[in-house]
Structures are given as C-alpha cells and as structure tokens.
Amino acid sequence: MASLKKVLSKVVTHSRSSSKSSSLQNAPNGNAPPVANGKTDPVANGNAEKLMISTADDTNAGNSAAQEQQKAEDHDLPRPRSLADGHKMSFTEMKEERRADREVHDDEEYRARKARMKKAHDEDPLRDNWGDLDPNTPQPRLERPVDNLRDIPHKNEGDSVVFRARVHHIRPLGTKIVFIILRHQFMTVQGVLTEEPGRVSQIMVRWAEGLTRETIVLVRGVVQRPPPDQEEVHSTSIHEYEIKICQLHVIASPSVNLPFQVEDVSRPKEYYDRADAQFSRVGERTRLDNRVLDLRSPASQSIFRIHAGVCDFFRTFLTEKGFIEIHSPKLQGSATESGAAVFKVDYFRRPAYLAQSPQLAKQMCIAADMERVFEIGAVFRAENSNTHRHLTEFTGLDLEMAIDSDYHEVMDLLDDLLKHMFKGLQSKFRDEIETVKKYYPHEDLVVLDETPRIKFAEGIRMLNESGWTEEDGRQLSEHEDLSTRAEQRLGQLVREKYGADFYIIDKFPLEVRPFYTMPDPENPKTCNSYDFFVRGEEILSGGQRIHTAPFLEERMKEAGIDPDTMKEYVDGFRWGCPPHGGGGVGLERIVMLFLKLGNIRWSSLFPRDPRSFPIHAVDQAEAALAAANSLILHGPESPTFQAGKKHGELPPLENLIAKYGDATNTSWVDPAWTIWRDKATGAAVGYIPQDGFAVTFGNPLCALDQIPRVVKAYLAHLHEEGLKPVWCCVDRATERYLAEELGWGAVIAVAEERINPTEVDPAETDKTVRRKIHRAEREGVKIVECGLDMDDRTRQMLEQRCKEWEQARRGTQIHLTGVRPFDDMQHRKYFYVIDKDGKPCAMVVLAQLSPKHGFQIKWALEFPGAPLGAIEYILTYVIKKLGDAGVKTATFGAGATGKLQAVDNVHGFRVKTLEKAYNGLSTTFNLSGKGDFRSKFGTWRDPLYICYPKGGLGMKGIEAIMTMLQKPK
C-alpha cells in the first residue's frame with residue numbers, strides 16, 4: 001500500500017490546471033449522473049453521439065449543496081491561498097482548491113448539458129413515450145387502475161400492465177438495450193427497454209440508462225417470459241416473467257445524493273458471507289440514521305406488513321371473544337407501577353408522567369364493569385437500557401378480563417391468542433416471511449398444539465440439573481428471578497425436551513412481581529403470575545391482580561407507595577371490583593423474536609432508545625452539567641486561544657482535558673505519550689510513534705470550531721517527522737472532518753461505554769450485582785473517600801495494593817496507560833473499600849472530563865483477596881453518588897465492539913480484510929471482556945471511530961496499533 005508520503009508527493013506533482021479539467025467521478029454501475037434538480041437528462045436519438053452523453057452514475061459521488069453548506073457552517077474553513085503568492089499549499093489546501101474549481105466547471109457543464117438535452121428531447125418524434133412528468137401540470141387520469149407487482153406472477157404472457165415503481169438498479173447492454181430492476185415495496189421485477197423503430201427510440205434507451213436509482217417511474221409495458229436461451233431472472237423476486245417496457249415516465253427523483261443505496265441493504269445475507277464478496281455492507285447506525293431510506297428495502301417492507309398483521313390478529317381475536325378496545329391516557333398525574341422508570345414532563349407547571357403501561361387504566365375499567373378490555377397503544381419506559389431487546393417507546397398489546405373462578409382462564413385465553421397469531425402469520429404472510437429469511441436467516445417458529453407449561457420451580461430445577469450456574473458459580477434459587485442468560489439457557493432446554501419455541505412459565509416468586517399481583521393462596525412465597533416465552537426470551541408477562549382494597553393498600557405500602565397518591569386507581573377497588581387478571585406483550589419484541597431479527601430496532605418503525613436524539617451544544621445545558629459535576633470534583637480548566645491573538649504560555653495539558661477532554665484523553669498524562677502542541681491555539685494531540693506510524697488516540701483538545709485548523713497543523717507536523725497517521729477513538733465531529741474533508745477511511749471497532757448516573761441503579765436492575773452487594777455488606781466492608789487531602793500513609797498503602805493487583809494479572813495486557821492513579825490528583829477523586837481488618841480491598845478513581853462528558857471511572861480495581869462483591873459494592877456506591885449530585889454522564893472508558901463496522905470510504909475487499917483482522921484480534925485478546933462486566937451497570941455504547949488516510953491501515957498499520965497497545969506504560 002502507498003504510504004502517506006507517496007500520496008502527498010503525487011498530489012504535489014499535479015498542477016492546478018489538471019484539477020480544472022477533471023470530469024465527473026465514475027461510480028460502479030456506470031449510469032449517467034442526475035442533474036442538480038434531480039431530473040434526468042434526455043437527449044435526441046440522432047444526436048446521441050455528438051452530445052457526448054456521460055454514462056457515469058454519480059448517485060454516491062461528491063456531496064450535495066446542503067451538505068457542503070453544513071460543512072462550511074460547522075468548520076468555517078477559510079479559502080486557501082493560491083500558489084501565485086509563493087505560498088506552498090498543503091495537501092488539504094490543494095484538495096479544497098481543486099474542489100472549488102471542479103464545482104465551477106461542473107456547474108458550467110450542467111447548464112450547457114441541460115440546454116442541449118432539452119433541444120434533443122423536443123426533436124425526438126417518440127418523445128411522448130418517455131420523459132419527466134411536470135409536477136406542476138395536472139396529468140390526465142389513467143385509463144385503468146395501476147397494477148401491483150405482486151399480481152404479475154398471476155398474469156398471462158402478453159398482458160398489458162401499468163404500474164408505478166422505483167428504479168432499483170440499471171444495467172445497460174450496448175447502446176440499444178437496457179435492463180432496469182424495478183421495485184415496489186418488497187417485490188422486484190426486471191424491465192427490458194430495447195430500441196424498436198416507431199416505438200422506442202435509441203435516445204429513449206440512452207436516457208433511461210441515466211435514470212437515478214430510487215427514481216419513481218410510471219411504467220407501461222407487456223408481460224413476457226425471458227428468451228428461451230436465457231435463464232430465469234434470479235436477481236428479482238419475480239423470476240419467471242419480465243416486463244417489456246413500452247413507455248417510461250419519471251414521477252419524482254432524488255434531488256440530493258443518497259447516504260446509501262437501497263440496493264446495498266437489499267442483498268441477501270449470503271451475498272456478504274461469501275469469501276469473494278465485494279459488496280459494501282451499510283452499517284447499522286447509518287441505516288437507522290437514515291431510516292426512511294432503509295424502510296424501502298424488501299426486508300423492512302415485509303417486517304412491517306407482519307407488524308400490522310400481529311395487531312390485526314390480536315384485535316380480531318379479542319373482539320370475537322367479547323373484548324372492548326380502549327384507549328387509556330398517556331399523561332398521568334402520578335408514576336404508575338414504579339417511579340424509577342417513568343418520563344417526567346412539565347404539565348402546565350405541574351408534574352406529570354408518561355404512562356409506562358396501561359395497567360392501572362385496564363384494572364380501573366374492570367372495576368367499571370367493562371369485564372373484558374384490550375388496548376393497542378404507546379408505552380414509555382425511561383430505562384437507560386441499550387440492549388438488543390429494549391426501547392424507551394414501544395407499542396404495547398395489553399388485555400385485562402374478569403375471572404370466573406381461576407386465573408388460568410386468562411392464561412388459557414392468552415395461550416390461544418398467541419397460537420392463533422403465530423399460525424395465522426405463518427399462513428397469511430408466507431411470502432413476507434420468506435423475504436425476511438433472506439436477510440435474517442432463521443427457522444420457522446415451532447408452536448405445538450399443546451403449549452408446554454412449566455412451573456417456575458421446575459424451570460429452576462431444569463437449569464440446576466443441566467449444570468447451569470450464575471457468574472459467581474452459585475446455583476439458582478427458586479425465590480429469585482431469572483437473569484436474561486438463564487432465560488436463554490432455559491429456552492434451549494425446553495427446545496431439547498419438548499421440541500417447542502413457544503412455552504409458558506407459571507407461579508413466579510412473589511417478591512419479583514409488582515405490588516398488585518395476587519399471591520398464591522397455597523404458597524405465599526409464590527404468586528398467580530406467568531410469563532410467555534419465544535425462543536428463550538420473555539414476550540408477555542401477566543397474572544391475577546389483587547382485587548380487594550385493604551389487601552391492595554397493604555401491598556402498596558409494603559412497596560413504598562402511598563395509596564393516596566393513586567387515589568383514582570384505589571377508589572375503584574374501594575368501591576368493589578371483581579377478580580381479574582391479564583397480561584401485556586410488546587409488539588416490537590414479538591415481531592423481533594418471531595422473525596429472529598436479533599435487534600428490536602429492526603422491528604420498530606422509528607426506534608426510540610436512550611441514544612435516539614442528537615445532543616446539541618446548548619450553553620445553558622452545558623452550564624447545568626458543569627454545575628452538577630462541580631459537586632463531585634472541580635479541578636482547574638483552561639480554554640484554548642483564538643488563532644492570531646496574543647497569548648501567554650500554553651495551557652497545561654491536564655487543564656485542557658478538564659475543559660475539552662473525553663476518557664481517552666486522560667491517557668495522555670502518562671509519560672509514554674508524545675504530546676504535540678499547536679502554538680497558535682494551545683491545542684494538544686497525543687500520540688505514540690510506532691514502526692513509522694503516529695498512533696494517535698483521542699480527539700484534539702480544542703474547541704469544536706478549531707478542529708479543522710488543529711488537525712491540518714498536526715498532520716503537517718507528522719509529515720515533517722516522516723510519520724504516517726492512524727487516528728483512533730475519535731468522535732463523530734473529528735471523524736466527519738477526516739472522512740468528508742480529507743477523504744480518510746473510517747471504521748467503528750471501539751465505543752465509549754457511558755452511563756447516566758441519574759437513571760441507572762445497578763443494585764435494582766441487575767440481580768447478580770444485588771447479590772454481590774449483599775455479600776460484601778455481610779463481610780463488613782466500608783467505603784472511604786478522599787482527594788488532594790489524601791495522607792502519605794494512605795497513598796503508600798494504596799500504591800502497594802495497586803502493585804499487588806498488577807502482579808496478579810495474567811496474559812498480554814492491552815492498555816493506553818499504566819496504572820498510575822496518583823498522576824494529576826487535582827483532577828481525580830478517590831474511593832476505596834476497606835475490609836473488616838482495615839485493609840484496602842478495592843478502589844475506584846474518578847477522572848474529571850469536560851462538562852459535556854462528566855467523569856471517567858478511570859480505574860476500578862479489585863485487589864487480591866478482596867471479599868466477593870467488593871468491586872460491585874464500591875462501583876454502585878460511586879455511581880449513586882454521581883447520580884445524587886445530578887451528574888448525567890460518566891464513562892468507564894473505551895471498549896471494543898462485538899464486530900468491526902465500515903463507516904466512510906471503506907468498501908469491498910478492504911472491509912473483509914479489516915473484519916478478519918479485527919475478529920482475530922478480538923478473540924485472541926478477549927477485547928470485549930470488559931464490556932461484558934460493565935454492562936451490569938447500565939452502560940450504553942457511544943461509537944468511536946478509527947480513521948486513516950487512503951492506504952494507511954494495512955497489516956503494518958494494524959500491527960503498529962497492537963504493538964503500541966501492548967507496550968509497557
């Protein structure tokens with residue numbers, strides 16, 4: 001691979017005149033580029049050659065005007081100086097100069113081409129058969145209803161069709177024929193446009209070649225079979241027929257460049273799994289960030305047809321059983337069920353909450369003698385859970401019914417309902433299911449006529465007898481809830497024993513259920529409640545409810561709820577309420593598990609999770625964060641200088657970290673790092689030279705609008721030093737500049753593991769953490785806090801314990817810094833645990849970051865011989881202390897992701913090479929091990945980027961990074 005020096009030398013040898021004569025970039029499929037307003041370029045049949053029509057597809061090339069304007073606003077880049085003044089331009093300046101020249105040249109060419117093409121279209125005698133429909137001119141009504149692509153397989157050869165579709169892919173074959181893959185929802189068909197005297201002109205064929213993908217077209221044609229000497233069309237969902245196109249008109253076309261092609265998210269999974277795969281895989285974050293485009297894929301179209309089918313089966317079944325559909329309010333005056341997982345809103349200067357379920361409203365309807373009710377509606381959960389199966393807003397399918405004699409009446413009805421739903425989906429939506437399987441391979445859900453029903457205690461015995469243990473080696477108890485891992489293992493055991501994917505667990509422990517659950521009269525430690533499971537994951541939870549007011553109020557008080565705060569709810573029981581029960585299922589979760597999508601976000605139309613909305617840099621919000629952070633620790637901060645203004649000494653590195661830094665930047669205080677300083681602004685960048693590379697980690701320490709200037713100056717420094725840059729663990733702002741402005745490649749293999757301390761409570765949400773905390777408390781441990789006031793004796797004692805911890809470590813260590821907890825103490829806060837003998841057994845060190853990023857849990861060390869649970873005990877204490885102070889963001893630091901994800905300027909074979917290298921390293925060094933532990937504390941992953949110039953991350957670059965990380969520090 002070419003080094004950065006070679007790339008730079010090639011750029012320098014190019015003259016400015018060559019950049020001015022540059023033409024449009026070529027793209028893979030060889031189609032003609034769209035013009036600026038999104039319309040295609042028609043030309044006349046007789047003038048096709050002399051007009052020199054380009055056939056390059058510019059769908060993915062360059063940037064839209066809106067994108068360029070946004071970059072200018074974000075970075076405020078100055079226009080570079082020309083070479084005429086004697087200044088030798090840098091690589092970046094030359095790139096910007098060429099881009100500006102190219103924009104002027106392209107604009108002039110576009111105007112000339114537009115005029116030529118209009119003339120050519122007007123001169124074509126067959127022009128009525130093709131072209132753009134004027135959106136401002138009323139069109140005559142079609143003489144017949146449009147056809148649906150789903151009906152084409154049922155047509156006869158020779159039938160005429162009229163339909164609307166999107167251009168999915170274009171493949172020209174010479175100058176007289178073009179194949180167009182047309183897509184409507186989850187169906188695709190091949191269209192063939194061939195020059196035919198008196199019907200289809202050659203210029204119409206050439207025009208069609210230039211249609212932009214995702215253009216909406218109106219097609220008139222004839223159904224035909226592929227020629228006898230050709231095979232069926234395997235690249236479309238309709239194989240046996242194709243459409244001979246007679247007329248083709250553009251209804252609408254994209255007016256900007258697309259962030260990705262729908263074709264790239266529409267290929268079956270097997271295409272990417274091939275050893276010789278050359279396709280570019282679109283990353284999950286890119287797809288979700290551009291959800292409307294992603295929803296056009298056949299898989300998404302099929303998923304949401306099934307999505308609608310679930311609601312239809314649910315509603316129809318219950319209506320036939322005498323249920324009434326209700327719509328309960330989503331704004332409530334008190335927190336329902338539990339105050340820990342609700343969204344608070346300002347309701348005309350009074351507190352209100354978004355309903356976390358319709359549970360209380362359903363029960364109130366039963367008290368109102370409605371007897372049988374159901375609801376399909378929004379549910380809100382303020383849980384900071386960034387898992388594959390949690391959302392903060394989803395659609396709940398809930399029901400409640402009066403009981404005649406036994407709560408199993410409700411369980412039986414729910415069982416019949418779900419079996420009816422699953423079997424109905426498998427019958428009515430078979431085409432959609434088969435479409436989804438191409439992209440999310442899975443076997444059909446196995447649903448038995450008689451659903452396996454297992455008591456909770458029996459399930460625990462099955463797990464214990466199989467050898468299953470929790471992380472601490474302890475067998476499961478019949479009086480504690482199942483962890484997610486235990487649920488999944490039990491699902492495997494049920495599949496092995498019963499051959500079923502759908503089953504029920506009954507009689508849960510009372511203490512793990514809500515306050516309104518009816519205890520089992522025969523065993524007060526259990527209750528009349530149940531969960532329904534699909535593929536080892538819970539989809540529905542329900543049971544019998546308490547219906548007598550005195551008992552309900554007693555249970556509410558035991559749960560710490562004042563009945564008077566929920567008077568409207570409790571009054572229904574005080575006035576008399578029949579026995580009743582019910583359950584609720586999440587629509588998105590049931591679709592995810594039915595289709596085995598692996599991530600609930602694919603079954604949510606516009607998914608909402610704790611990371612859904614962008615964080616905007618609002619001064620007031622940042623000031624509030626800083627105020628909360630200062631209650632914990634407030635070391636000195638220093639801003640950078642404004643370039644061109646007089647200034648004194650450069651600000652201390654440690655103070656810059658407290659002003660602008662994230663977790664990775666805190667490593668730079670280690671002596672192993674080389675710190676480059678920008679003399680004009682005082683900004684800093686940390687790197688370690690390794691085998692000819694400058695292995696750089698972390699964002700530049702500077703203001704956001706200074707990033708372009710600082711990055712350019714830093715790269716110029718590396719060029720002078722003869723070092724090739726590889727830049728790891730940067731955020732989106734820095735990655736955007738490197739990728740979009742400098743053309744660097746970018747991948748995601750690392751993520752910041754953040755928490756919101758005000759929203760997480762590990763002791764409440766994770767049963768394993770809770771057990772370990774109780775164990776540590778029984779051992780008599782105590783927590784001590786200190787900062788700069790730490791005495792010498794304590795410091796020496798902790799330093800000795802840190803040495804013992806290092807000596808006890810095994811295997812190769814991957815790290816950015818050594819264990820140096822007492823560097824930069826003015827920006828550190830210390831917590832340590834002592835056992836009953838007064839010996840330190842665990843320590844947590846907080847590092848102050850920028851107000852935006854809060855704090856890093858820089859070190860969390862459990863020393864040799866510590867009581868079980870000591871580290872969970874102190875971490876939970878520290879997180880709670882941060883939350884109580886109002887600190888809304890903290891991080892454990894960067895951790896490896898489960899897989900490498902290409903983001904910008906990385907395609908084809910390069911992706912496969914990097915994925916293979918990363919997967920090998922991840923397995924060898926267990927890179928995701930820390931993340932598994934940290935996830936117990938409610939972490940969510942904020943992606944960080946690894947960026948590199950073209951040709952800058954071959955095996956040598958990867959080896960340089962790994963060698964640097966393994967170096968002693």
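The values are calculated or read from the model by the stated rules, or taken from the named source; none is laboratory data. Note that the structure is predicted; figures quoted are calculated from it, not measured. Note that each Cβ is placed from the backbone with ideal geometry, even for glycine, and that neighbours are counted across all protein chains shown.
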Worksheet item: Which of (1) within 24 Å of Glu263 (Cα to Cα); (2) in contact with a Gly (Cβ under 9 Å, 6 or more places away or on another chain); (3) not in a loop (DSSP other than H, G, I, E, B) is the odd one out, the single condition Thr212 does not satisfy?
Response: (3)
Fill in: Those residues of the range 105-158 which are hydrophobic (A, V, I, L, M, F, W, C), assigned to a helix (DSSP H, G or I) and over 38 Å from the mean Cα position of the chain (by Cα), in sequence order
Ala112, Ala115, Met117, Ala120
Fill in: Which listed residue, of Val833, Val845, Val887, Val781, is of a type in the set (Val, Ile, Thr), in the same structural domain as Val760 (by the TED database), crowded, with 17+ Cβ neighbours inside 10 Å and within 23 Å of Leu653 (Cα to Cα)
Val845
Practice prompt. Confirm whether Thr674 is among the β-branched types (Val, Ile, Thr) and surrounded by fewer than 19 Cβ atoms within 10 Å (Cβ to Cβ).
Written response: yes
Worksheet entry | Test for Phe313: is it out of contact with any Cys (no Cβ under 8 Å at 6 or more places or on another chain), modelled with pLDDT of 90 or more, closer than 20 Å to Ile181 by Cα and of a type in the set (Phe, Trp, Tyr) | no
Worksheet entry | Qualifying strands (runs of 3 or more DSSP E) (wholly inside the range 486-540; at least 1 residues being at pLDDT 95 or above, aliphatic (A, V, I, L, M) and farther than 22 Å from Leu360 by Cα) | 502-506, 529-534
Practice prompt. Quick one: count up the residues across the range 164-212 that are closer than 27 Å to Arg296 by Cα, among the basic types (Lys, Arg) and in contact with an Asp or Glu (Cβ under 7 Å, 6 or more places away or on another chain).
Written response: 1
Discussion item. Just to be sure I understand, how many residues within the range 584-611 are part of a loop (DSSP other than H, G, I, E, B), farther than 18 Å from Gln356 by Cα and within 16 Å of the chain's Cα centre (by Cα)?
Written reply: 6
Worksheet item: Of the residues that make up the range 218-231, is at least one in contact with a helix residue (DSSP H, G or I) (Cβ under 7 Å, 6 or more places away or on another chain), part of a strand (DSSP E or B) and modelled with pLDDT of 95 or more?
Response: yes
Discussion item. On the basis of being at negative phi, surrounded by fewer than 17 Cβ atoms within 10 Å (Cβ to Cβ) and among the small types (Gly, Ala, Ser), does Ser405 make the cut?
Written reply: yes
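Within the range 452-465, does at least one residue satisfy the condition of being part of a loop (DSSP other than H, G, I, E, B) and surrounded by 13 or more Cβ atoms within 10 Å (Cβ to Cβ)?
Yes, that holds for at least one residue.
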Worksheet entry | Selection from the range 819-829 of residues that are within 17 Å of Phe892 (Cβ to Cβ) and not in a loop (DSSP other than H, G, I, E, B) | Arg828, Lys829
Worksheet item: Taking Pro228 and the conditions (1) touching a Phe, Trp or Tyr at 6+ places or on another chain (Cβ under 9 Å); (2) exposed (fewer than 14 other Cβ atoms within 10 Å of the Cβ), which numbered condition does it fall short on, given that it satisfies the others?
Response: (1)
Item to complete: Please find, among Ala368, Ala355, Ala402, Ala341, the residue that is more than 17 Å from Gln544 (Cα to Cα), at pLDDT 95 or above and not assigned by the TED database to the domain that holds Ile755.
Response: Ala368
Worksheet item: Got at least one residue in the range 322-329 being closer than 30 Å to Val205 by Cα and among the β-branched types (Val, Ile, Thr)?
Response: no
Worksheet item: Taking the range 823-876 on its own, how many of its residues are among the polar types (S, T, N, Q) and without any contact (Cβ under 8 Å) to a residue 40 or more places away in the chain?
Response: 0
Practice prompt. Scan the range 275-301 and report the pairs whose first residue is outside the structural domain of Leu914 (by the TED database) and free of Cβ contacts under 8 Å to residues at least 60 places away in the same chain and whose second residue is of a type outside the set (Val, Ile, Thr) and surrounded by fewer than 20 Cβ atoms within 10 Å (Cβ to Cβ), with Cβ atoms within less than 6 Å and a gap of 6+ or a chain change.
Written response: Val282/Phe260; Val282/Asp264; Asn290/Pro259
Fill in: Residue under evaluation Leu448, criteria (1) modelled with pLDDT under 95; (2) of a type in the set (A, V, I, L, M, F, W, C); (3) in contact with a strand residue (DSSP E or B) (Cβ under 8 Å, 6 or more places away or on another chain), criterion not met
(1)
Practice prompt. Consider Asp124 carefully, then state whether it is over 17 Å from His239 (Cα atoms) and at pLDDT below 95.
Written response: yes
Worksheet item: Assuming Ser529 fulfils every condition listed in (1) in contact (Cβ under 8 Å) with a residue 60 or more places away in the chain; (2) closer than 19 Å to Ile403 by Cβ apart from one, which condition is it?
Response: (1)
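Using the structure shown, decide if Arg389 is modelled with pLDDT under 90, basic (Lys, Arg) and in the same structural domain as Arg589 (by the TED database). Break it down stepwise before answering.
On the way: modelled with pLDDT under 90: yes; basic (Lys, Arg): yes; in the same structural domain as Arg589 (by the TED database): yes.
Yes, satisfied.
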Discussion item. Considering only the range 504-511, I want to know if a residue exists there that is under 38 Å from the mean Cα position of the chain (by Cα) and either assigned by the TED database to the domain that holds His774 or surrounded by fewer than 17 Cβ atoms within 10 Å (Cβ to Cβ) (or both).
Written reply: yes
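Yes or no, residue by residue, for (1) surrounded by fewer than 16 Cβ atoms within 10 Å (Cβ to Cβ); (2) within 27 Å of the chain's Cα centre (by Cα); (3) among the hydrophobic types (A, V, I, L, M, F, W, C):
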| position | (1), (2), (3) |
| --- | --- |
| Asn257 | no, yes, no |
| Arg281 | no, yes, no |
| Ser302 | no, yes, no |
| His307 | no, yes, no |
| Asp312 | yes, no, no |
| Phe323 | no, no, yes |
Item to complete: With the condition kept exactly as written, say whether any residue in the range 922-935 is at pLDDT 75 or above, more than 17 Å from Leu846 (Cα to Cα) and not aromatic (Phe, Trp, Tyr).
Response: yes
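Let's see how each residue does on (1) more than 22 Å from Glu753 (Cα to Cα); (2) in a strand (DSSP E or B):
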| position | (1), (2) |
| --- | --- |
| Pro636 | yes, no |
| Thr640 | yes, no |
| Pro651 | yes, no |
| Ala658 | no, no |
| Ser667 | no, no |
| Ile675 | yes, yes |
Practice prompt. Report whether or not Leu718 is assigned by the TED database to the domain that holds Ser850, farther than 30 Å from Cys786 by Cβ and of a type in the set (A, V, I, L, M).
Written response: yes
Discussion item. Please return the ranges of strands (runs of 3 or more DSSP E) entirely within the range 703-818 where 2 or more residues are of a type in the set (Asp, Glu).
Written reply: 745-755
